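First comes the structure, then the notes that go with it.
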Amino acid sequence: MLHEPSTLQRFMRERRSAISDDYVVFLQENEDPNNGVMEDDPITVRQAIQDPNSKKWIEAMGEEYKSMQDNKVWELVLLPEGVKPIGCKWLFKTKRDSNGNVERYKARLVAKRFTQKEGIDFKETFSPVSSKDSFRTIMTLVAHYDLELHQMDVKMAFLNGDIDETIYMVQPENFVSGDPKNMVCKLTKSIYGLKQASRQLYHKFHQVILSFGFEMNLVDDCVYHKFKGSKFIFLILYVDDILLATNDIGILLETKKFLSKNFEMKDLGDASFVLGIQIHRDRSRGILGLSQRSYIDKVLKRFSMHECKSGDTPVDKGDKFSLNQCPKGILEIEEMQKIPYVSAVGSLMYAQVCTRPDIAYIVGVLGRYLSKIYYVSFRLS
C-alpha cells in the first residue's frame, strides 16, 4: 500500500543548498570539498585584478580563454531576436598539493546555470560518480593482490561533452569582442556550469570506454572492468578523475594510450592523492592506508579546534546528550546560531564516509542531537 509523503518529508526534499550552483560545479573538480571556503581567493574579476597575485590570475584567465578558443567551445554570433542568453562568470581557485603548497593559480569560466530554462536550455541532468564503497573495495583488492594503481585526469573535462540544445551565452568578462549587447557566444560544446554538463561528459566517456572492451559494473555505473585471459584492469571514474587498478603493466599502458587518444589526459602516475584522500602504500608489506590528514586539519582550523588534544576514542561509553543541553531562551538560541553546527557535522560525515568509519557512532549521535536542537529552536522561536 502506498502512502503519501508527510508534509515534513516534502519540505525536507525541497530544501536547497545555500551555495550557488555555479560555485558548486567549480568545487567538484577540486579534491578537497572544503577547499573553497578556506581560501582567500578572488570572487570577482575586479578583485583578481587588484589582488597581489593579479599577474597570476590574469595569466590563468588567458589560458582558460585560449583553451576555449582552441576547443571551439563557441562561435560568436548575433543574438537572435526574442532570445535571452544565459550568463557566465569567472571563478578563481588556488590549487594546492597534499601538503598545502601552492601548485598553480586557476581560473575557470562557468555558465550561470541558474539562468537556464528547463525544456529550452536543458532537458536532463545528473552527475554519476563512483561511490566511496566502490573506492574502498578497489583499494582492498589493490592491497590484497598487489595491483598497480595509477591515476589520470581528464583536462578540461566538461568540454568533451556535446550538447543537444541551442544555447546562447553572454561574452566572458574581460574578453569581449564587438558589441557585447548584440554579439553573444553560441555554444557548440558543453561548458562548466551547464546543468547538463556532467551528464554529457559521462555519456561521451561511457561510449568511448565501452568501445575499448570495458564493461560497466552492475552495481556501480562508474566502475568499469576489462579481462584478457588472466589479465584484468579496473577503471574508477569520479567526474574527471580516473583510477586504474591492474595486475598487468601492458594492459595499463594500452588503456592509458587509448584514453589519451580520445581525450586530453594528464597522466599522474602512481596514485597518491585522490578525492582529497592520501594513499599510503608499502608494497613490500602488502599494506595500503587511506588518510585525510590534510582535510581534517583544515576542518579543525575552520572550527577553531586546531589546538585541541586528540583522544583515543571519539566518545566514552555511556556518554549521552539530552534535551537539557539544548539552548534555552532567545539569547542562548542567538548564541548557538553563531556556530555552524550543520557544517561541522557535515564535515565529520565526509571524513566518516571516506576514511574514518570509527567515528560513525558519534557522528550519528551528533546528527540526532542536531535534530533535537532544531526541534527545540522551532518551538521557542
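Output the residue which, of all residues in the range 301-330 that are assigned to a helix (DSSP H, G or I) and exposed (fewer than 14 other Cβ atoms within 10 Å of the Cβ), is nearest to the chain's Cα centre (by Cα).
Result: Lys301.
Could you count how many residues in the range 268-282 are at negative phi and surrounded by 13 or more Cβ atoms within 10 Å (Cβ to Cβ)?
Number of matching residues: 9.
Given the options Ser230, Ser177, Ser211, name the one that is within 13 Å of Trp74 (Cβ to Cβ) and among the polar types (S, T, N, Q).
Ser177
Yes/no per residue for (1) without any contact (Cβ under 8 Å) to a residue 60 or more places away in the chain; (2) acidic (Asp, Glu); (3) crowded, with 16+ Cβ neighbours inside 10 Å; (4) under 30 Å from Gly276 (Cα atoms):
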| position | (1), (2), (3), (4) |
| --- | --- |
| Pro172 | no, no, yes, no |
| Gly178 | no, no, no, no |
| Met183 | no, no, no, no |
| Ile191 | no, no, yes, yes |
| Tyr202 | no, no, yes, yes |
| His206 | yes, no, yes, yes |
| Ile236 | no, no, yes, yes |
| Leu243 | no, no, yes, yes |
| Leu253 | yes, no, no, yes |
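In the range 240-274, what residues are in contact with a Phe, Trp or Tyr (Cβ under 6 Å, 6 or more places away or on another chain) and over 17 Å from Phe214 (Cβ atoms)?
None - no residue of the range 240-274 is in contact with a Phe, Trp or Tyr (Cβ under 6 Å, 6 or more places away or on another chain) and over 17 Å from Phe214 (Cβ atoms), so the list stays empty.
Sort through Gln278, Gln325 and tell me the only one that's at pLDDT below 85 and either among the polar types (S, T, N, Q) or touching a strand residue (DSSP E or B) at 6+ places or on another chain (Cβ under 9 Å) (or both).
Result: Gln325 is the single residue among Gln278, Gln325 that is at pLDDT below 85 and either among the polar types (S, T, N, Q) or touching a strand residue (DSSP E or B) at 6+ places or on another chain (Cβ under 9 Å) (or both).
Could you please find all residues in the range 146-194 being part of a strand (DSSP E or B) and either at pLDDT below 90 or under 16 Å from Lys112 (Cβ atoms) (or both)?
Asp153, Val154, Asp162, Tyr168, Met169, Val184, Cys185, Lys186, Leu187, Lys189 - these are the residues of the range 146-194 that are part of a strand (DSSP E or B) and either at pLDDT below 90 or under 16 Å from Lys112 (Cβ atoms) (or both).
Can you spot a residue in the range 97-106 that is aliphatic (A, V, I, L, M) and surrounded by 12 or more Cβ atoms within 10 Å (Cβ to Cβ)?
No, the range 97-106 contains no residue that is aliphatic (A, V, I, L, M) and surrounded by 12 or more Cβ atoms within 10 Å (Cβ to Cβ).
Mind checking which residues of the range 289-300 are assigned to a helix (DSSP H, G or I) and touching a helix residue (DSSP H, G or I) at 6+ places or on another chain (Cβ under 8 Å)?
Tyr295, Ile296, Lys298, Val299 - these are the residues of the range 289-300 that are assigned to a helix (DSSP H, G or I) and touching a helix residue (DSSP H, G or I) at 6+ places or on another chain (Cβ under 8 Å).
Right, Val239: more than 13 Å from Ile138 (Cβ to Cβ) and under 22 Å from the mean Cα position of the chain (by Cα) or not?
yes
Which one of Gly62, Gly82 is at positive phi and of a type outside the set (Lys, Arg)?
Gly82
Residues of the range 331-358 being in a helix (DSSP H, G or I) and over 23 Å from the mean Cα position of the chain (by Cα), which ones?
Answer for the range 331-358, where residues must be in a helix (DSSP H, G or I) and over 23 Å from the mean Cα position of the chain (by Cα): Leu331, Glu332, Ile333, Glu334, Glu335, Met336, Asp358.
Using the structure shown, decide if Lys372 is at pLDDT below 80, of a type outside the set (A, V, I, L, M) and not in a helix (DSSP H, G or I).
no
Within the range 98-145, work out how many residues are among the basic types (Lys, Arg) and either under 16 Å from the mean Cα position of the chain (by Cα) or at pLDDT below 70 (or both).
Within the range 98-145, residues that are among the basic types (Lys, Arg) and either under 16 Å from the mean Cα position of the chain (by Cα) or at pLDDT below 70 (or both) number 6.
Just give me the residues in the range 208-234 being assigned to a strand (DSSP E or B) and either over 22 Å from the mean Cα position of the chain (by Cα) or surrounded by fewer than 18 Cβ atoms within 10 Å (Cβ to Cβ) (or both), in sequence order.
Hits for the range 208-234 are Glu215, Met216, His225, Lys226, Phe227, Lys228, Lys231, Phe232, Ile233.
The values are calculated or read from the model by the stated rules, or taken from the named source; none is laboratory data. For clarity, every value in this text was computed on a predicted model and none was experimentally measured. Using ideal geometry, Cβ is built from the backbone for each residue, glycine included, and neighbour counts are taken over all protein chains shown.
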